[in-house]
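A.B. asks: The structure under discussion is supplied below as structure tokens; questions concerning it will follow.
The values are calculated or read from the model by the stated rules, or taken from the named source; none is laboratory data. What you see is a predicted model, and the numbers here were worked out from it, not measured in a lab. Methodologically, a virtual Cβ is constructed for each residue, glycine included, from the backbone with ideal geometry; neighbour enumeration extends over all protein chains shown. For the accessible areas, the whole protein counts, side chains as well, though only heavy atoms, and no ligand, DNA or RNA atoms are used. Shrake-Rupley method; radii C 1.70, N 1.55, O 1.52, S 1.80 Å.
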Amino acid sequence: MKKVRCAEIVGGGFAGLASACALAQRGWNVRLHERDSELRTTGAGIYVYENGLRVLEALGAYQDSVQDAPLVVAREVRDDANKLISVHQWKGASRVYSIVRQQIINALAKVAKNAGVQIVTNSEPVAATPQGEVQFSDGRRMKADLVVCADGVNSRLRDSLGLLVRRKFLHDGAIRYLIDKAPGETTSKAEATTVEYWSGSRRILYTPCSPTQIYIALTMLHRDRIAATVPIDRGAWKAWFPHLTTVIDRLGFDGRYDRFELIRLNPWSLGRAAVVGDAAHALPPNIGQGGGSAMMNALSMAVYLDHFDDVTSALVEWERKERPLTEHTQRMSVLMGMPTTWPSPLRNIFYKFATRSKWMVKQRTKIVTHRPTGTAA
Ligand SMILES: Cc1cc2nc3c(=O)[nH]c(=O)nc-3n(C[C@H](O)[C@H](O)[C@H](O)COP(=O)(O)OP(=O)(O)OC[C@H]3O[C@@H](n4cnc5c(N)ncnc54)[C@H](O)[C@@H]3O)c2cc1C
């Protein structure tokens, strides 16, 4: 009989929870450490595209994740004068849902617990070793066959392994909110059109994400201190977006600012320690694939581990097969964010081209149309 293998997972976000579900469902004995007192996510809403939805299906967390979330049918881009400059229709086999983040975290946590994962909150390992140990600041150590470092973009575990080769802070960032819908905004529960409104280098992304809530993301250049300050200067935002005053009036004091980043490691694992999610490959959110990539790589890691008795060989093979698509996605995401720093007329031309050019759409949606490892054919 095969020995039951043990995993210590650090981080209770999309990457850690998806890893926990996928490993436990393959017979692993899994413990997940979350430093917070509960599993809670920041960032309001999230787009989950076909690839991420397939992973949620494979893990058994799909129904609860998309419950009451609208299917996104179109994305409009509007210029400084609120004039429509492009529309991307999401049709055919490719689904996109806009979802309240916490709903996905809850769905994954439910699957993980049902699969026997032990979730330990208020637990904060500070380092990992290639021998499969997690270490705490008080000197405690826990040893396993596998350590999964899924502790996000500021990962201490990744840094303790010395795997980081590039951390690039990008030119822009975002402040995110969830707001309640006003009576006129409750028209369709099942479908949503999302709108990206531009004003100079600033943007308001309007995304219905539940029957009662709208996810709002304000994006701006990092150096634009008036726009990047929380709580926001409502007067300034209304002057930049006079057609959105009723939305801006509803933005509270609770938004949070995050600067966009790009992370590159070499390699993704060392011995029995693997790095997954933003800790390994954070990318700017311009094509909404950070969470999708995190969940895909978490599931595929468990699949490769299932095919090999030797953990180290499985992790090497996992990276060899899965990393090229993640890197392509990082490149596309950076490319799609470049027009933020351009003059408006040039940016409008770029977005028209990005929507109309078959080649660009193919490159941009390569990860969306990819069938993730471990999902049904
Ligand atoms: C503005 C913005 C918009 C985005 N929009 C989208 C989108 O639409 N679609 C999409 O797919 N992606 C999107 N992303 C990216 C997405 O949010 C991330 O890729 C995703 O959250 C990464 O998940 P993760 O589990 O790797 O990290 P995180 O979500 O950061 O989770 C890490 C977890 O680890 C915990 N932790 C950290 N250190 C420790 C420790 N030492 N011990 C224990 N626990 C620890 C943290 O508390 C946290 O719970 C967006 C990102 C931004 C900034």
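A.B. asks: Using per-residue counts of other Cβ atoms within 10 Å, averaged over each peptide, order 229-238, 322-331 from highest down.
C.D. replies: Result, highest mean first: 322-331, 229-238.
A.B. asks: All other residues with a Cβ under 14 Å from the Cβ of Ser65 taken together, and with Lys, Arg as +1 and Asp, Glu as -1, what is their net charge?
C.D. replies: With Lys, Arg at +1 and Asp, Glu at -1, the net is 0.
A.B. asks: Can you give the net charge of the other residues whose Cβ lies under 12 Å from the Cβ of Asn297, counting K and R as +1 and D and E as -1?
C.D. replies: Around Asn297, the surrounding residues sum to -2.
A.B. asks: Just grab the label-to-label distance for Val230 and Ala190, each label 7 Å out from Cα along the Cβ direction, in nm (one decimal).
C.D. replies: Taking the two extended label points, one gets 3.6 nm.
A.B. asks: Could you do me a favour and compute the accessible area per residue for the stretch 93-181, 1.4 Å probe, result in Å²?
C.D. replies: Numbers: 3970 Å² over 89 residues.
Heavy-atom SASA per residue in the stretch 93-181 reads 45 Å².
A.B. asks: If you don't mind, another one. Of Lys91/Lys366; Lys2/Lys321; Lys181/Lys366; Lys181/Lys238; Lys91/Lys352, which sit over 22 Å apart, Cα to Cα?
C.D. replies: Over 22 Å Cα-Cα: Lys2/Lys321; Lys181/Lys366.
A.B. asks: With a 1.4 Å probe and all protein chains in place, put Ser160, Ser344 in order of accessible area, largest first.
C.D. replies: Output order, biggest surface exposure first: Ser160, Ser344.
A.B. asks: If you don't mind, there's one more thing I want to ask. Based on the Cβ-Cβ distance from Ala376 to Lys110, what FRET efficiency comes out when R0 is 22 Å, to the nearest 0.05?
C.D. replies: 0.60
A.B. asks: Moving on to the next point. Report the calculated FRET efficiency for Asp145 and Phe169 (r = Cβ-Cβ distance, R0 = 30 Å), to the nearest 0.05.
C.D. replies: Result of the calculation: an efficiency of 0.25.
A.B. asks: Percent of Cα-Cα pairs more than 26 Å apart in the chain, please.
C.D. replies: That tail contains 51 percent of the Cα-Cα pairs.
A.B. asks: If you don't mind, there's one more thing I want to ask. Label Ser357 and Gln89 with points 7 Å out from Cα along Cα→Cβ: what is the distance between them in nm?
C.D. replies: Calculated label separation equals 2.3 nm.
A.B. asks: Moving on to the next point. Just to make sure I understand: if all protein chains stay in place, what is the order of Phe169, Phe308, Phe241 by accessible area at 1.4 Å, largest first?
C.D. replies: Phe169, Phe308, Phe241
A.B. asks: Same structure, new question: How many percent of the accessible area of the chain is carbon or sulfur, using a 1.4 Å probe?
C.D. replies: 51 percent
A.B. asks: Then there is this: Take every Cα pair under 8 Å in the chain that's 6+ residues apart, average their separations, divide by the length, and report that relative contact order as a whole percent.
C.D. replies: Contact order relative to length: 22 percent.
A.B. asks: Please give the net charge around Ser201, taking every other residue with its beta carbon less than 14 angstrom from that of Ser201, where Lys and Arg add +1 and Asp and Glu add -1. Intermediate values should be presented prior to the final figure.
C.D. replies: Details: positive: Arg202, Arg203, Arg223, Arg225, Arg347; negative: Asp79, Asp80, Asp172, Glu196, Asp224.
With Lys, Arg at +1 and Asp, Glu at -1, the neighbours total 0.
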